[in-house]
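Following: one structure in structure tokens, then a few remarks.
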Amino acid sequence: MYSDVVRTTIDLEPDTAKAVEHLRKEQGLGLSEAVNQLIRRGLVATPAPSPFRPIHRDLGLMIDVSNVAEALELLDGPETR
């Protein structure tokens, strides 16, 4: 183990206390061991990807898309039918 152990008091919120208890029961760990394992997991966890946000650019085109067939014909040309 580590030679420089830091002893402190912490307050766990209900969700984290539940995670610690679950890990303790699952792996038969002591309180300190379970807390340390969960902290280490958090240190190496990859952050969640940011949500996709499309990039909008004004192309200066004025297309009426209320009629999809007309819009496709205008964009693709009549030969694609």
Return the pairs, sorted by first residue and then second, in which the second residue is assigned to a helix (DSSP H, G or I), the first residue lies in region 15-38 and is among the basic types (K, R), the beta carbons are less than 9 Å apart, and the residues are 6+ apart or on different chains.
-> R24/L31; R24/E33; R24/A34
Residue hits (region 31-81; at pLDDT 85 or above and either touching a strand residue (DSSP E or B) at 6+ places or on another chain (Cβ under 6 Å) or acidic (D, E) (or both)) are E33
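The values are calculated or read from the model by the stated rules, or taken from the named source; none is laboratory data. Just so it is clear, the model here is predicted, and its values are computed rather than measured. Glycine gets a Cβ as well: all are built from the backbone with ideal geometry, and neighbour counts include every protein chain shown.
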